[in-house]
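Visitor: Pasting a structure below so you can have a look.
The values are calculated or read from the model by the stated rules, or taken from the named source; none is laboratory data. In this text the structure is predicted, and so the values were computed from the model without any measurement. All Cβ positions, glycine included, derive from the backbone under ideal geometry; neighbour counts span all protein chains shown. The area values use the complete protein model at the heavy-atom level, side chains included, leaving out ligands, DNA and RNA. Shrake-Rupley method; radii C 1.70, N 1.55, O 1.52, S 1.80 Å.
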Amino acid sequence: MAYSEKVIDHYENPRNVGSFDKEEEGVGTGMVGAPACGDVMKLQIKVSEDGIIEDAKFKTYGCGSAIASSSLITEWVKGKSIDEAQEIKNTDIAEELALPPVKIHCSVLAEDAIKAAVTDYKEKQDK
Amino acid sequence: MTQNGNKSIDLKNPFELFGLEPNFLLNEQELSQKLRDMLQTVHPDRFVSSSDQEQLAAMQKTTQINDAYGVLKSPVRRAQALLQLRTGVDSSGEVTVKDPMFLMQQLELREELENLSVKKDMNGLMSFAEQIESMQEQQIAVINDFFQQEGENQELESDKILAEIYKLQFLRKTLIDIEAAEEKILG
């Protein structure tokens, strides 16, 4: 299958690969996986006191599209509020990366990961 | 993977086609023996002087047998088929799993695999494969327990079984990746 140039760019030069300490205050961690293809994705956000995402990191084991989707979304969420980040739609990711229909689920996974990270952050704050 | 690989298991019950009781555990030797016997009956050699229609029917039957065998042979697909037979739940679609504990463990296993691949550590990869295989065996036993429980007049808890089948799928994927890493080292 032919990957789009943007997918290849993110795959070869992934942005924001890495981890934060998930116990650290202000860090939200989202873990998601797709059983059908076995992809595993960890996406973390670091949120400032006024609810702005200052930094984001990811670690993904999966195909090029899954890596590109998570790399792109970490770029997009930086500087956004957590509410804005939750509004990112998988279709925006799929469109930006020109994902073929069989790879749409990779963008869904990235959307689910950011939602899970925000949920985790909020749960930590409520404690 | 066959063309039907991702399609939901259709109409034809693969267990029935092979004359087997719809159980999760099955005897692999018995299964491959049945496959050979059944393929014999539809072998093209037996239909050389038959009508086009009969030849076509035999070909279609061959495809059906091979597809069913593919389902029965794979623990994941067999569990999915059994679940669908008993509860009507189709688990072949794309879903997102959100079990943090399990996924964190999977992520760590993939990291370990990555390290072993980078170091081209063949022995390490082989013992890592053994570790995953034994986790897979345990997972198969867990799934079997769920299917057994149902036999004792209990409602089949499809959500719980599904979650266990998903885990098996991730373990399968790790094993496939280990094989790929080994092949890459061996060239």
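Visitor: On the accessible surface of the stretch B:2-87, probed at 1.4 Å, how many percent belong to carbon and sulfur atoms?
Guide: 48 percent
Visitor: Considering only protein heavy atoms and a probe of 1.4 Å, how much of the accessible area of the stretch B:100-186 is carbon and sulfur, as a whole percent?
Guide: Carbon plus sulfur share of accessible area: 47 percent.
Visitor: Just grab the label-to-label distance for residue A:24 and residue B:157, each label 7 Å out from Cα along the Cβ direction, in nm (one decimal).
Guide: The modelled label-to-label distance comes out at 3.8 nm.
Visitor: From the phi angles alone, apply the Karplus equation (6.51, -1.76, 1.60; θ = phi - 60°) to the stretch B:15-25 and give each ³J(HN,Hα) in whole Hz, x where the residue is Gly or Pro.
Guide: 5, 4, 4, 8, x, 10, 5, x, 10, 6, 7
Visitor: Nothing charged except the Cβ atoms of Lys and Arg (+1) and of Asp and Glu (-1): what's the magnitude of the dipole of the stretch A:37-127 about its Cα centre? Round to the nearest 20 debye.
Guide: The calculated dipole for the stretch A:37-127 is roughly 360 debye.
Visitor: Taking the 0 to 90 degree range and rounding to the nearest ten, how far is the long axis of helix A:64-77 tilted relative to the main principal axis of chain A, both from C-alpha atoms?
Guide: Relative to chain A, helix A:64-77 is tipped by roughly 40 degrees.
Visitor: Contact order normalised by length for chain B, with contacts defined as Cα pairs under 8 Å and 6 or more residues apart; what percent is it?
Guide: The value is 23 percent.
Visitor: Something else: Could you rank A:21, A:39 by how accessible they are, 1.4 Å probe, largest area first?
Guide: Greatest to least solvent exposure: A:21, A:39.
Visitor: Could you run the numbers on buried accessible area between A and B, total for both chains, 1.4 angstrom probe, in Å² to the nearest 100?
Guide: Buried area (both sides, nearest 100 Å²): 1600 Å².
Visitor: Using Cα positions and a limit of under 17 Å, work out the lysines in reach of residue A:89, with same-chain residues fewer than 8 apart set aside.
Guide: Correct list for residue A:89: A:78, A:80, A:103, A:115.
Visitor: Hey, another quick one. I'd like the residues of the stretch A:27-62 whose 1.4 Å-probe accessible area shrinks by no less than 20 Å² going from the isolated chain to the full set of protein chains.
Guide: Buried on complex formation: A:31, A:32, A:33, A:35, A:36, A:37, A:38, A:40, A:42, A:59, A:61.
Visitor: Could you report the accessible area of residue A:61 in Å², rounded to 10, computed with a 1.4 Å probe on the protein chains as they sit in the structure?
Guide: Here the accessible area works out near 30 Å².
Visitor: How high is the relative contact order of chain A? Use alpha-carbon pairs under 8 Å, at least six apart in sequence, and give a whole percent.
Guide: Answer for chain A is 31 percent.
Visitor: A further question follows. Just report the Cα centroid separation between the stretch A:32-56 and the stretch B:95-137, whole Å.
Guide: Using only Cα atoms, the two centres lie 21 Å from each other.
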